[in-house]
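The values are calculated or read from the model by the stated rules, or taken from the named source; none is laboratory data. Note that this is a predicted model, so its numbers are computed, not measured. Here the Cβ positions follow ideal geometry from the backbone for every residue, glycine too, while neighbour counts run over all protein chains shown. Calculation scope for accessible area: heavy atoms of the full protein, side chains included, ligands and nucleic acids excluded. Shrake-Rupley method; radii C 1.70, N 1.55, O 1.52, S 1.80 Å.
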Amino acid sequence: MSALPNAHEALLRNRDLIKGRLTLIGLSDAALLSQLPSGGVAMTDHAGVFSRMPAIKGWQLAYGYDDDNLEAGGADTLVVFLPKARAELTFRLELARWLAAEDARLVLIGEKREGIAGAVKQLKLVAPDAAKVDSARHCQVWLAESFVPVTSFDLDTWMQWHPVECAGVRVDVAGLPGIFSDGQLDDGTSMLLQSLVEQPLPRGYALDFACGAGVIGSWIQCWQRSQGLEPSPIDAVDVQSQAVICTRATYAQAGALGDVMASDGLAGVTRKYRAIVTNPPFHAGVRTDTSMTERFLQQAAVHLQPGGELRLVANSFLPYESLIAKYIGPVTRLASDKRFTVYSAKRR
(Lines give C-alpha, C1' and ligand atoms only; values in the text may rest on other atoms or scores of the structure.)
Protein backbone atom coordinates (compact mmCIF):
# COMPACT_ATOMS: atom_id res chain seq x y z
CA MET A 1 0.00 0.00 0.00
CA SER A 2 1.40 3.40 -0.95
CA ALA A 3 1.91 6.05 1.71
CA LEU A 4 -0.83 8.58 2.31
CA PRO A 5 -0.30 12.22 1.29
CA ASN A 6 1.63 14.16 3.89
CA ALA A 7 -1.41 16.22 4.93
CA HIS A 8 -3.41 13.03 5.58
CA GLU A 9 -0.55 11.56 7.62
CA ALA A 10 -0.44 14.78 9.62
CA LEU A 11 -4.13 14.38 10.46
CA LEU A 12 -3.58 10.81 11.67
CA ARG A 13 -0.75 12.07 13.87
CA ASN A 14 -3.22 14.60 15.35
CA ARG A 15 -6.34 12.44 15.46
CA ASP A 16 -6.85 13.46 19.09
CA LEU A 17 -8.11 16.79 17.71
CA ILE A 18 -11.21 15.03 16.37
CA LYS A 19 -14.28 15.31 18.55
CA GLY A 20 -17.87 14.34 17.76
CA ARG A 21 -19.10 14.29 14.17
CA LEU A 22 -16.26 14.68 11.66
CA THR A 23 -16.32 16.28 8.21
CA LEU A 24 -13.33 16.17 5.86
CA ILE A 25 -13.16 18.82 3.13
CA GLY A 26 -10.77 18.20 0.25
CA LEU A 27 -9.91 14.53 0.74
CA SER A 28 -7.24 13.46 -1.76
CA ASP A 29 -6.73 9.79 -0.84
CA ALA A 30 -9.66 7.52 0.01
CA ALA A 31 -7.39 5.18 2.00
CA LEU A 32 -7.45 7.71 4.85
CA LEU A 33 -11.04 6.86 5.80
CA SER A 34 -10.37 3.37 7.13
CA GLN A 35 -7.62 4.73 9.41
CA LEU A 36 -9.72 7.33 11.21
CA PRO A 37 -11.35 6.49 14.54
CA SER A 38 -14.96 7.03 13.47
CA GLY A 39 -17.16 7.86 10.51
CA GLY A 40 -18.49 11.17 9.27
CA VAL A 41 -18.70 13.03 5.98
CA ALA A 42 -15.85 12.91 3.46
CA MET A 43 -15.93 15.42 0.62
CA THR A 44 -13.62 15.56 -2.39
CA ASP A 45 -13.80 17.68 -5.53
CA HIS A 46 -11.83 15.06 -7.53
CA ALA A 47 -13.89 12.48 -9.45
CA GLY A 48 -11.12 9.87 -9.32
CA VAL A 49 -10.77 10.09 -5.55
CA PHE A 50 -14.55 9.90 -5.20
CA SER A 51 -14.75 6.79 -7.39
CA ARG A 52 -12.19 5.07 -5.16
CA MET A 53 -13.87 5.91 -1.87
CA PRO A 54 -14.78 2.63 -0.17
CA ALA A 55 -18.23 1.96 1.24
CA ILE A 56 -17.31 2.10 4.94
CA LYS A 57 -20.01 1.94 7.57
CA GLY A 58 -20.55 5.33 9.16
CA TRP A 59 -19.11 7.40 6.32
CA GLN A 60 -21.17 9.57 3.98
CA LEU A 61 -19.35 10.37 0.75
CA ALA A 62 -19.67 13.65 -1.15
CA TYR A 63 -18.41 14.74 -4.57
CA GLY A 64 -18.11 18.48 -4.86
CA TYR A 65 -19.51 21.54 -3.19
CA ASP A 66 -23.10 20.89 -4.26
CA ASP A 67 -23.44 17.30 -2.99
CA ASP A 68 -26.66 16.55 -1.08
CA ASN A 69 -24.69 14.82 1.69
CA LEU A 70 -23.33 18.20 2.76
CA GLU A 71 -25.80 19.47 5.37
CA ALA A 72 -25.67 22.62 7.44
CA GLY A 73 -24.81 22.40 11.13
CA GLY A 74 -23.86 18.73 11.15
CA ALA A 75 -20.14 18.74 11.99
CA ASP A 76 -18.40 19.06 15.35
CA THR A 77 -14.91 18.83 13.82
CA LEU A 78 -14.12 20.13 10.35
CA VAL A 79 -10.82 19.27 8.71
CA VAL A 80 -9.96 21.43 5.71
CA PHE A 81 -7.09 20.27 3.52
CA LEU A 82 -5.24 23.03 1.70
CA PRO A 83 -6.23 23.15 -2.00
CA LYS A 84 -3.84 23.86 -4.87
CA ALA A 85 -5.53 27.17 -5.73
CA ARG A 86 -5.41 29.75 -2.97
CA ALA A 87 -8.76 31.21 -4.04
CA GLU A 88 -10.37 27.84 -3.38
CA LEU A 89 -9.31 27.90 0.27
CA THR A 90 -11.70 30.77 0.97
CA PHE A 91 -14.38 28.66 -0.71
CA ARG A 92 -13.57 25.64 1.49
CA LEU A 93 -13.51 27.71 4.66
CA GLU A 94 -16.91 29.17 3.84
CA LEU A 95 -18.29 25.67 3.30
CA ALA A 96 -16.78 24.57 6.62
CA ARG A 97 -18.43 27.47 8.44
CA TRP A 98 -21.79 26.48 6.95
CA LEU A 99 -21.38 22.81 7.90
CA ALA A 100 -20.28 23.61 11.45
CA ALA A 101 -22.40 22.79 14.47
CA GLU A 102 -22.40 25.08 17.49
CA ASP A 103 -18.99 25.10 19.22
CA ALA A 104 -17.39 23.16 16.36
CA ARG A 105 -13.64 23.20 15.89
CA LEU A 106 -11.85 23.82 12.60
CA VAL A 107 -8.56 22.18 11.61
CA LEU A 108 -6.55 23.42 8.61
CA ILE A 109 -3.74 21.19 7.30
CA GLY A 110 -1.39 21.84 4.41
CA GLU A 111 2.14 21.36 3.17
CA LYS A 112 4.73 24.08 3.60
CA ARG A 113 5.78 23.90 -0.06
CA GLU A 114 2.16 24.42 -1.13
CA GLY A 115 1.83 27.64 0.84
CA ILE A 116 0.29 26.81 4.19
CA ALA A 117 2.08 29.78 5.80
CA GLY A 118 0.32 32.22 3.49
CA ALA A 119 -2.96 30.35 3.80
CA VAL A 120 -3.03 30.97 7.53
CA LYS A 121 -3.80 34.63 6.79
CA GLN A 122 -7.03 33.51 5.13
CA LEU A 123 -7.85 31.24 8.07
CA LYS A 124 -7.36 34.08 10.55
CA LEU A 125 -9.86 36.25 8.69
CA VAL A 126 -12.60 33.88 9.89
CA ALA A 127 -10.86 32.52 13.01
CA PRO A 128 -8.55 35.19 14.49
CA ASP A 129 -7.58 32.97 17.44
CA ALA A 130 -6.41 30.04 15.30
CA ALA A 131 -3.12 28.59 16.47
CA LYS A 132 -0.53 26.16 15.09
CA VAL A 133 -0.66 22.90 17.01
CA ASP A 134 1.79 20.74 15.08
CA SER A 135 4.43 20.80 12.37
CA ALA A 136 5.04 17.34 10.92
CA ARG A 137 5.29 15.47 7.61
CA HIS A 138 6.37 18.76 5.97
CA CYS A 139 2.98 20.15 7.00
CA GLN A 140 1.51 22.57 9.47
CA VAL A 141 -1.64 21.82 11.47
CA TRP A 142 -3.71 24.77 12.64
CA LEU A 143 -6.63 24.63 15.07
CA ALA A 144 -9.45 27.15 15.47
CA GLU A 145 -11.64 26.58 18.54
CA SER A 146 -13.87 29.53 17.76
CA PHE A 147 -15.07 31.07 14.53
CA VAL A 148 -18.23 32.68 13.21
CA PRO A 149 -20.51 30.24 11.35
CA VAL A 150 -22.51 31.25 8.27
CA THR A 151 -26.20 30.52 7.71
CA SER A 152 -26.04 29.74 3.99
CA PHE A 153 -23.69 28.40 1.32
CA ASP A 154 -25.06 29.33 -2.10
CA LEU A 155 -22.98 28.47 -5.16
CA ASP A 156 -24.79 31.12 -7.19
CA THR A 157 -23.35 33.85 -4.98
CA TRP A 158 -19.84 32.52 -5.65
CA MET A 159 -20.28 32.06 -9.37
CA GLN A 160 -18.90 34.88 -11.48
CA TRP A 161 -19.49 35.38 -15.20
CA HIS A 162 -17.01 36.78 -17.69
CA PRO A 163 -17.02 37.18 -21.45
CA VAL A 164 -14.62 35.27 -23.69
CA GLU A 165 -14.18 36.40 -27.29
CA CYS A 166 -12.20 34.94 -30.17
CA ALA A 167 -12.58 35.51 -33.92
CA GLY A 168 -15.53 37.81 -33.27
CA VAL A 169 -17.51 35.16 -31.37
CA ARG A 170 -18.30 35.76 -27.71
CA VAL A 171 -19.48 33.37 -25.01
CA ASP A 172 -20.23 34.12 -21.37
CA VAL A 173 -18.37 31.74 -19.10
CA ALA A 174 -19.13 30.77 -15.50
CA GLY A 175 -16.37 30.71 -12.91
CA LEU A 176 -15.90 29.35 -9.39
CA PRO A 177 -12.81 29.45 -7.15
CA GLY A 178 -10.19 26.95 -8.27
CA ILE A 179 -11.12 26.93 -11.97
CA PHE A 180 -8.21 27.20 -14.44
CA SER A 181 -7.96 30.70 -15.98
CA ASP A 182 -11.10 31.84 -14.18
CA GLY A 183 -11.96 35.29 -15.53
CA GLN A 184 -9.93 35.30 -18.73
CA LEU A 185 -9.11 33.39 -21.91
CA ASP A 186 -5.65 31.91 -21.52
CA ASP A 187 -3.23 32.25 -24.44
CA GLY A 188 -3.03 28.52 -25.14
CA THR A 189 -6.79 28.13 -25.46
CA SER A 190 -6.93 31.27 -27.60
CA MET A 191 -4.42 29.73 -30.05
CA LEU A 192 -6.46 26.52 -30.06
CA LEU A 193 -9.72 28.32 -30.84
CA GLN A 194 -8.07 30.29 -33.65
CA SER A 195 -6.89 27.00 -35.18
CA LEU A 196 -10.49 25.78 -35.13
CA VAL A 197 -11.51 28.78 -37.22
CA GLU A 198 -8.79 28.18 -39.79
CA GLN A 199 -9.18 24.40 -39.82
CA PRO A 200 -12.51 23.35 -38.29
CA LEU A 201 -13.02 20.01 -36.62
CA PRO A 202 -14.78 17.26 -38.58
CA ARG A 203 -18.55 17.41 -38.22
CA GLY A 204 -20.21 15.07 -35.75
CA TYR A 205 -20.11 14.36 -32.04
CA ALA A 206 -17.00 15.78 -30.36
CA LEU A 207 -15.55 15.76 -26.85
CA ASP A 208 -13.89 18.56 -24.88
CA PHE A 209 -11.51 16.80 -22.49
CA ALA A 210 -10.47 18.64 -19.30
CA CYS A 211 -13.17 21.14 -20.12
CA GLY A 212 -12.56 23.58 -17.27
CA ALA A 213 -15.42 26.08 -17.33
CA GLY A 214 -16.71 24.92 -20.72
CA VAL A 215 -15.05 27.55 -22.89
CA ILE A 216 -14.02 25.34 -25.81
CA GLY A 217 -17.21 23.35 -26.28
CA SER A 218 -19.54 26.34 -25.95
CA TRP A 219 -17.37 28.59 -28.17
CA ILE A 220 -17.16 26.01 -30.98
CA GLN A 221 -20.92 25.69 -31.11
CA CYS A 222 -21.44 29.47 -31.05
CA TRP A 223 -18.87 29.81 -33.86
CA GLN A 224 -20.65 27.13 -35.90
CA ARG A 225 -23.91 29.06 -35.53
CA SER A 226 -22.16 32.24 -36.66
CA GLN A 227 -21.20 30.38 -39.86
CA GLY A 228 -24.78 29.34 -40.49
CA LEU A 229 -24.10 25.74 -39.45
CA GLU A 230 -26.15 23.47 -37.22
CA PRO A 231 -23.97 23.04 -34.11
CA SER A 232 -22.45 19.61 -33.52
CA PRO A 233 -23.00 18.36 -29.96
CA ILE A 234 -19.84 18.49 -27.86
CA ASP A 235 -19.66 16.43 -24.70
CA ALA A 236 -17.48 17.82 -21.92
CA VAL A 237 -15.57 16.00 -19.21
CA ASP A 238 -13.47 17.09 -16.25
CA VAL A 239 -12.23 15.56 -13.02
CA GLN A 240 -12.99 18.60 -10.85
CA SER A 241 -16.45 19.26 -9.43
CA GLN A 242 -16.23 23.04 -9.90
CA ALA A 243 -15.43 22.51 -13.58
CA VAL A 244 -18.46 20.29 -14.05
CA ILE A 245 -20.71 22.79 -12.26
CA CYS A 246 -19.36 25.73 -14.30
CA THR A 247 -19.48 23.92 -17.65
CA ARG A 248 -23.12 23.03 -17.12
CA ALA A 249 -23.87 26.68 -16.39
CA THR A 250 -21.80 27.91 -19.36
CA TYR A 251 -23.48 25.42 -21.71
CA ALA A 252 -26.92 26.45 -20.50
CA GLN A 253 -26.11 30.14 -21.01
CA ALA A 254 -24.78 29.50 -24.54
CA GLY A 255 -27.49 27.03 -25.54
CA ALA A 256 -24.74 24.48 -26.16
CA LEU A 257 -25.49 20.81 -26.75
CA GLY A 258 -23.71 17.86 -25.15
CA ASP A 259 -23.40 15.84 -21.96
CA VAL A 260 -21.25 17.27 -19.16
CA MET A 261 -19.57 14.50 -17.18
CA ALA A 262 -17.36 14.06 -14.13
CA SER A 263 -14.61 11.54 -14.83
CA ASP A 264 -10.98 10.84 -13.99
CA GLY A 265 -9.56 10.78 -17.51
CA LEU A 266 -11.98 9.07 -19.89
CA ALA A 267 -12.88 6.26 -17.49
CA GLY A 268 -16.50 7.39 -17.29
CA VAL A 269 -16.94 8.07 -21.03
CA THR A 270 -18.62 5.50 -23.29
CA ARG A 271 -19.19 7.29 -26.61
CA LYS A 272 -16.83 7.27 -29.63
CA TYR A 273 -16.19 10.65 -31.23
CA ARG A 274 -15.39 12.24 -34.56
CA ALA A 275 -13.10 14.63 -32.69
CA ILE A 276 -11.57 15.20 -29.28
CA VAL A 277 -10.29 18.67 -28.47
CA THR A 278 -8.31 19.62 -25.37
CA ASN A 279 -6.01 21.94 -23.49
CA PRO A 280 -4.91 19.28 -20.98
CA PRO A 281 -3.42 19.94 -17.54
CA PHE A 282 0.18 19.00 -16.90
CA HIS A 283 0.57 19.68 -13.19
CA ALA A 284 0.06 17.37 -10.23
CA GLY A 285 0.19 19.72 -7.26
CA VAL A 286 3.27 21.84 -7.85
CA ARG A 287 5.05 19.30 -10.08
CA THR A 288 5.03 18.99 -13.86
CA ASP A 289 3.41 15.64 -14.61
CA THR A 290 2.97 14.59 -18.24
CA SER A 291 1.84 11.08 -17.28
CA MET A 292 -1.73 12.39 -17.02
CA THR A 293 -1.66 13.41 -20.68
CA GLU A 294 -0.02 10.16 -21.75
CA ARG A 295 -2.78 8.21 -19.99
CA PHE A 296 -5.37 10.44 -21.71
CA LEU A 297 -3.81 9.81 -25.14
CA GLN A 298 -4.00 6.06 -24.60
CA GLN A 299 -7.67 6.38 -23.67
CA ALA A 300 -8.39 8.85 -26.50
CA ALA A 301 -7.29 6.31 -29.09
CA VAL A 302 -10.13 4.08 -27.87
CA HIS A 303 -12.72 6.86 -27.94
CA LEU A 304 -11.87 8.30 -31.36
CA GLN A 305 -13.61 6.84 -34.38
CA PRO A 306 -11.24 5.61 -37.15
CA GLY A 307 -10.05 8.76 -38.91
CA GLY A 308 -11.30 10.92 -36.04
CA GLU A 309 -9.17 13.92 -35.09
CA LEU A 310 -7.39 14.84 -31.90
CA ARG A 311 -6.78 18.58 -31.57
CA LEU A 312 -4.54 19.47 -28.62
CA VAL A 313 -2.76 22.60 -27.43
CA ALA A 314 0.12 22.42 -24.97
CA ASN A 315 3.16 24.33 -23.80
CA SER A 316 5.77 23.99 -26.52
CA PHE A 317 8.41 22.58 -24.17
CA LEU A 318 6.31 19.51 -23.32
CA PRO A 319 7.26 16.29 -25.18
CA TYR A 320 3.80 15.55 -26.54
CA GLU A 321 4.40 15.18 -30.28
CA SER A 322 5.99 11.74 -30.01
CA LEU A 323 3.32 10.56 -27.58
CA ILE A 324 0.51 11.71 -29.89
CA ALA A 325 2.14 9.93 -32.82
CA LYS A 326 2.56 6.79 -30.72
CA TYR A 327 -1.04 6.51 -29.56
CA ILE A 328 -3.11 8.36 -32.19
CA GLY A 329 -1.34 8.73 -35.52
CA PRO A 330 0.83 11.08 -37.62
CA VAL A 331 1.03 14.57 -36.14
CA THR A 332 0.70 17.99 -37.78
CA ARG A 333 1.62 21.26 -36.06
CA LEU A 334 -1.16 23.69 -36.91
CA ALA A 335 0.22 26.65 -34.95
CA SER A 336 3.25 27.26 -32.77
CA ASP A 337 5.21 29.92 -30.97
CA LYS A 338 7.75 29.95 -28.15
CA ARG A 339 5.04 29.25 -25.59
CA PHE A 340 2.37 27.02 -27.16
CA THR A 341 1.83 24.53 -29.96
CA VAL A 342 -1.43 23.24 -31.45
CA TYR A 343 -1.22 19.62 -32.61
CA SER A 344 -3.57 17.71 -34.88
CA ALA A 345 -3.58 13.95 -35.39
CA LYS A 346 -6.00 11.56 -37.11
CA ARG A 347 -6.56 8.18 -35.54
CA ARG A 348 -4.88 5.58 -37.69
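Please give the contour-minus-distance gain from LYS112 to GLU294: 0.36 nm per residue of separation, less the Cα-Cα distance, rounded to one decimal in nm.
On the way: separation 182, 0.36 × 182 = 65.52 nm, distance 2.93 nm.
Taking LYS112 through GLU294 to full extension adds about 62.6 nm, to one decimal.
Would you work out if region 1-125 is rounded, prolate or oblate? Take a ≥ b ≥ c from the square roots of the eigenvalues of the alpha-carbon gyration tensor; rounded if a/c is under 1.5, else prolate when a/b is larger than b/c, oblate otherwise.
Rounded shape, in that the Cα axes give a/c under 1.5.
Return the aspartates and glutamates within reach of LYS346: Cα separation strictly under 12 angstrom, same-chain partners fewer than 8 residues apart disregarded; answer none if there are no such residues.
Correct list for LYS346: GLU309.
When only DSSP loop residues count, what trypsin sites (Lys or Arg not before Pro) in region 140-237 have their Cβ near at most 14 other Cβ atoms within 10 Å? It would help to have the intermediate numbers written out before the result.
Numbers: sites: ARG170, ARG203, ARG225; in loops: ARG203.
Those that pass, being in a loop and sparsely packed, are ARG203.
What is the gain in length, in nm to one decimal, between ALA3 and ALA55 on full extension, counting 0.36 nm per residue of separation less the C-alpha to C-alpha distance?
Here the answer is 16.7 nm.
With each label point set 7 Å from Cα along the Cα-Cβ vector, what nm distance links LYS338 and ARG225?
3.9
Measuring from label point to label point, each 7 Å out along Cα→Cβ, what is the GLN184 to ASP259 span in nm?
Each label point is offset 7 Å from its Cα along the Cβ direction, giving 3.6 nm.
Note the listed values (i) 49, 23, 17; (ii) 39, 21, 18; (iii) 33, 22, 20, then indicate which one is semi-axes √(5λ) of the Cα gyration tensor in Å calculated from this particular structure.
Calculated semi-axes √(5λ) of the Cα gyration tensor in Å: the matching label is (ii).
Counting only heavy atoms of protein chains, what accessible area per residue, in Å², does the chain have with a probe of 1.4 Å?
43
Taking all protein chains in place and a 1.4 Å probe, what share, in percent, of the accessible surface of region 108-209 do carbon and sulfur account for?
Carbon and sulfur together cover 49 percent of it.
For region 198-218 and region 241-263, write down the distance between their C-alpha centroids in whole Å.
Comparing the Cα centres of region 198-218 and region 241-263, I get a distance of 12 Å.
What shape does region 146-283 have by the C-alpha gyration tensor, where a ≥ b ≥ c are the square roots of the eigenvalues, rounded means a/c under 1.5, and otherwise prolate means a/b greater than b/c and oblate the rest?
On the way: a/c = 1.96, a/b = 1.57, b/c = 1.25.
Because a/c hits 1.5 or more and a/b exceeds b/c, region 146-283 counts as prolate.
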